[in-house]
Amino acid sequence: MTTFTPLQLEKRRESIGSSDCPAICGISPYANALSVWLDKTGRTEPWQGNEATEAGIDLEPSIIRMAERRLKPLLTERAVERMHPNGVMTATLDTIFTLEDRERVIVECKSAGIVSYLDEGLWTDDGFPEWYEVQVQHQLACSPDVDYAYLAALTPPRGFRLYLIERDQKLQDAIATRCVRLWEDHVL
């Protein structure tokens with residue numbers, strides 16, 4: 001199953017993306033720093049995606065529409081590419097909404113639990129798996145013009161939820177340190 005084009009797969013090897021960050025920080029249930037290093041250095045075949053990522057791609061437009069109904073943005077920008085000033089970290093944002101008060105917010109879409117139950121029980125009305133916090137803080141670090149973010153999640157049995165994520169500069173600094181260290185000390 002290939003979810004990404006060959007060009008997308010090659011581009012993902014050129015920097016540390018938001019989905020790499022939880023693995024580098026040691027909190028991803030899906031990967032670790034070694035698997036990121038193996039991928040970035042071309043020692044393994046690029047990850048092709050799976051049924052869960054395919055479902056996420058298919059459901060993303062619907063999740064965005066659900067978020068639009070709740071947040072009523074004036075403008076929705078899709079698949080926005082960002083690079084951190086350190087030149088190592090990049091992010092492809094699902095969406096940026098410009099709200100009525102001109103605030104700009106990232107909306108990161110998740111369809112967790114639709115196909116896999118790996119994080120079952122970690123989604124509550126008030127919380128979500130910690131690795132998504134790290135992913136979104138990475139995105140915020142790459143987006144200084146954005147005020148905050150929402151995690152827009154469609155998760156059984158909770159249904160659709162919006163989780164507010166505010167900037168955490170201390171966490172963003174720790175993320176940047178780990179990403180740069182892995183990239184400069186090991187990938188390059």
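Considering only protein heavy atoms, what is the solvent-accessible area of Asp173 at a probe of 1.4 Å, reported in Å² to the nearest 10?
Accessible surface of Asp173 is approximately 80 Å².
Tell me the carbon and sulfur percent of the accessible area for the chain, rounded to whole percent, probe radius 1.4 Å.
After summing per-atom areas, the C and S share lands at 51 percent.
Before rounding to the nearest 500, sum -39500 (n - 2.57) across all DSSP H runs of length at least 4 in the chain and divide by the residue total; then give [θ] at 222 nm in deg cm²/dmol.
Calculated from helices alone, the mean residue ellipticity at 222 nm is -10500 deg cm²/dmol.
So what's the net charge close to Asp125: Lys and Arg +1, Asp and Glu -1, counting the other residues with Cβ under 12 Å from its Cβ?
+1
For the stretch 88-158, what does the accessible surface come to per residue with a 1.4 Å probe? Please give it in Å².
On the way: 2770 Å² over 71 residues.
Here the residues of the stretch 88-158 average 39 Å² of exposed surface.
Could you pull out the GluC sites (Glu not before Pro) across the stretch 53-133 that fall in loop regions by DSSP (anything but H, G, I, E, B) with no more than 10 other Cβ atoms inside 10 Å?
Here the GluC sites (Glu not before Pro) that fit, given the DSSP loop and packing criteria, are Glu100.
Using the C-alpha gyration tensor of the stretch 107-182, what are the square roots of 5 times its eigenvalues, in whole angstrom, with the largest one first?
In descending order the semi-axes read 24, 14, 10 Å.
How far, in nm, would the chain grow between Arg102 and Leu59 when pulled straight, counting 0.36 nm per residue and subtracting the alpha carbon separation?
Working: separation 43, 0.36 × 43 = 15.48 nm, distance 2.72 nm.
This chain segment gains 12.8 nm when fully extended.
Taking the Cβ-Cβ separation of Asp147 and Trp47 as r and a Förster radius of 45 Å, what is the calculated FRET efficiency to the nearest 0.05?
0.90
At a probe size of 1.4 Å, how large is the accessible area of Leu59, to the nearest 10 Å²?
Here the residue's solvent-accessible area equals roughly 50 Å².
What's the extension gain from Lys11 to Glu130 if we count 0.36 nm per residue and subtract their Cα-Cα distance?
Answer, rounded to one decimal: 40.2 nm.
The values are calculated or read from the model by the stated rules, or taken from the named source; none is laboratory data. None of these values were measured; they are calculated from a predicted model. FYI the Cβ positions are ideal-geometry reconstructions off the backbone, even for glycines, and counts take in every protein chain you see. Note: accessible area is taken over every heavy atom of the protein model, side chains too, but ligands, DNA and RNA are not part of it. Shrake-Rupley method; radii C 1.70, N 1.55, O 1.52, S 1.80 Å.
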